[in-house]
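The values are calculated or read from the model by the stated rules, or taken from the named source; none is laboratory data. Just so you know, these numbers come straight off a predicted model, no measurement behind them. Here Cβ is always computed from backbone atoms with ideal geometry, including for glycine, and neighbour counts include all displayed protein chains. Areas reflect the complete protein model, heavy atoms only, side chains present, ligands, DNA and RNA absent. Shrake-Rupley method; radii C 1.70, N 1.55, O 1.52, S 1.80 Å.
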Amino acid sequence: MLCLLFLTLDLSVKFYLVGWEEFWRCKWLMGYMLVILLSAVDWTVAMNNICEEHNLHLRRILRPFFLLQNSSLMKKTLKCIKMTLPQIASVVLLLILHLALFTIFGMLLFARGEDSEVNAEWESYFRDLPQSLTSLLVLLTTTNNPDVMIPAYSTNRLYSLFFILYSGFGTYFLMHLLTAVIYNQFRGYLLLSIKASILRRRMGIRAAFELLSTEVQPPHHSEAKTETARVKTIVKVMKRVKMSSYYRQAIIKRALRSYSGLMERDAFQALFEELDKDRLHERPAVPLYSSRFLSALQRFSSSKTFSVLTNTVALANVVCIFTMLVIDSHKTPAQRERHYTELINCFFVACYVSELAVKLVAAGWRRFLSFWINIFDSCLTLLLLALQVYVFALMWLPSSSWSSSQKGLLSLWETARLMNMLVVFRFLRVILNIKLMALVASTVLDLVKNLRAFAGILVVVYYVFAVLGVWLFKGAITAPANISSNINTTKMKCGSYEQLGYWSNNFDDFASALVLLYNIMVLNNWQVYLQAYSKSTSEWSKIYFICWWLTSSVMWVNLLVALILENFIYKWDRRSSSCVSDSEGTDLDTPVQRMFREHIQEPSEEEVVTKLNENPHLHLTL
């Protein structure tokens, strides 16, 4: 009730701000109002039933709309996806035709015969049309390969040509062609979306100049009058604009370079080119020490020798852990009871603490903390130090007898395992010292930072399918009371839901539905769920799982691949041609929209003026 009241208030404010006519033109606001009304009705019905527990709540499946409606970037991304779908219809139809033709060929090749010994393929995979379609659809994902081929292949090796031709053309040609089409079409629509954003920015800049220039008379000594704006006025307005302080200061600094105190239209527009530049994060300066020892320590910490030395120590620690794992893999914790293990850990922890102290003194704490890798390293090193102190405290207790099962908050064996995991995790910092690996890592980080809209839509899709799955299949498969004693897996069909013990993968609640959907998206053994739920409910249940496969594995994963490719290619090109080096003094921050900026043509003056004149909310004389 509180959430619905808050959303109703939000809708009322938007209605007041945009006005009646604009409100009825906006489909998203109309949908917002409709979803709130339906949610309120569903909530009222639930309250009248005294909140009795039942499976079907309409408002549950409507909730993701609120997330979409309040994010302009998600709406833009959703529009790109919607416009991409019709363009890939030709490849999807070709894929369906490929599946249908080979289904017919398969049913003709593996028809039921008189001899029951050669009917194994028919019985297992081609008994009827739904089973044949399902078998070949799953083969497109290679999940049931070579199981689907083995019965026929055991009878005659020439049957393998049917399955090789089907999967070779479908999996390796059509599915990859579908990836290429999705990449090309989605990239095109994303370019159009970014082009529209650039046009709106140019319109805003031009309109702002027209408003600011009205305060200044053009110079009388010029025969051709030129529109100009005062730099003082521009600076005064920029200080009140809501935007990133970094770009605001860059624009003001560039504006103040005008010595005449006046700025023409082209110069005013050039001010906002700062918004298209990569953001440089400047680091605090290195402290200056008068001591020779500290100065030498600074030079040593910034040298390549120090970097190689610290990485060698980290590598040696990982090698020691790996060696001990190999030696002690078959031993019990009591048999692993050795003093040298803790001595080795103590030595490396001391090295890590010394490295941390050298870096902190040499760089100064402000500059040291300006690097996220130093914060990452410091947290892990301090945690390792705390665990080492805990181990010593546990060993030196009066009641301690140096046993790996010695209990405290953690046993000695558990503490050692935790320390080893942290050491291996800390070793990931070596990636930054390998240029190609650092490029890949930065690509991943940029995707995490910039693809929030795609992640949001993926959350929405997961949520909707999970709710639908709970509605449709809750309680469809019931696990036995005592799985270990009541089930004899040898009597069950190999590879079935029951034989594999997939009882915890179900739609009995929302959380387990999310895990099951993820397992299907990965595609490993997804035909097991297809067969189990079609057997427990009906053959029509396969439509739900196929729709999820198309949405997640075919559509969404291909979109993610497309954006990873674009991001990586953009960074690779910048790495090859950029004059800005990744020095320790600066750091680049590049939004995902800028990856496509160089492929977009600047809007013309006529296009900007035409759009401004068509705007009903502006009355400018251009």
Can you work out which of the residues in the stretch 97-110 that are more than 16 Å from Ser167 (Cα to Cα) and in contact (Cβ under 8 Å) with a residue 12 or more places away in the chain is least open to solvent (accessible area, probe 1.4 Å)? Phe110
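Within the stretch 142-157, can you find the residues that are open to solvent by less than 20 Å² (accessible area, probe 1.4 Å) and among the polar types (S, T, N, Q)?
Asn144
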Pairs, please: C-beta under 6 Å, at least 6 apart or cross-chain, first residue closer than 14 Å to Phe126 by Cα and in the stretch 149-171, second outside any helix (DSSP H, G or I)? Phe163/Met149
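Does Ile182 satisfy being surrounded by 15 or more Cβ atoms within 10 Å (Cβ to Cβ), at pLDDT below 85 and not hydroxyl-bearing (Ser, Thr, Tyr)?
Yes: the conditions hold for Ile182.
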For the stretch 339-355, enumerate the residues that are crowded, with 18+ Cβ neighbours inside 10 Å, more than 15 Å from Thr312 (Cα to Cα) and of a type outside the set (S, T, N, Q). Glu342
Quickly run through the stretch 532-543 and pick out the residues that are of a type outside the set (Lys, Arg) and open to solvent by 20 Å² or more (accessible area, probe 1.4 Å). Ser536, Thr537, Ser538, Glu539, Trp540, Ile543
Filter the stretch 111-141 down to residues that are touching a Lys or Arg at 6+ places or on another chain (Cβ under 7 Å) and free of Cβ contacts under 8 Å to residues at least 40 places away in the same chain and give me whichever is least open to solvent (accessible area, probe 1.4 Å). Asn119
How about the stretch 1-100: which helices (runs of 4 or more DSSP H) wholly inside it have at least 2 residues that are of a type in the set (Val, Ile, Thr)? 2-18, 27-48, 72-84
Looking at the stretch 85-96, I want the residues that are open to solvent by 80 Å² or more (accessible area, probe 1.4 Å) and have a partner that is among the charged types (D, E, K, R) with Cβ atoms under 8 Å, at least 6 apart or on another chain. Which pairs are those? none
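Can you tell me which residue in the stretch 185-232 is nearest to Ala562 (Cα to Cα), limited to those that are among the aromatic types (Phe, Trp, Tyr) and either within 24 Å of the chain's Cα centre (by Cα) or modelled with pLDDT under 80 (or both)?
Taking the candidates together, the pick is Phe186.
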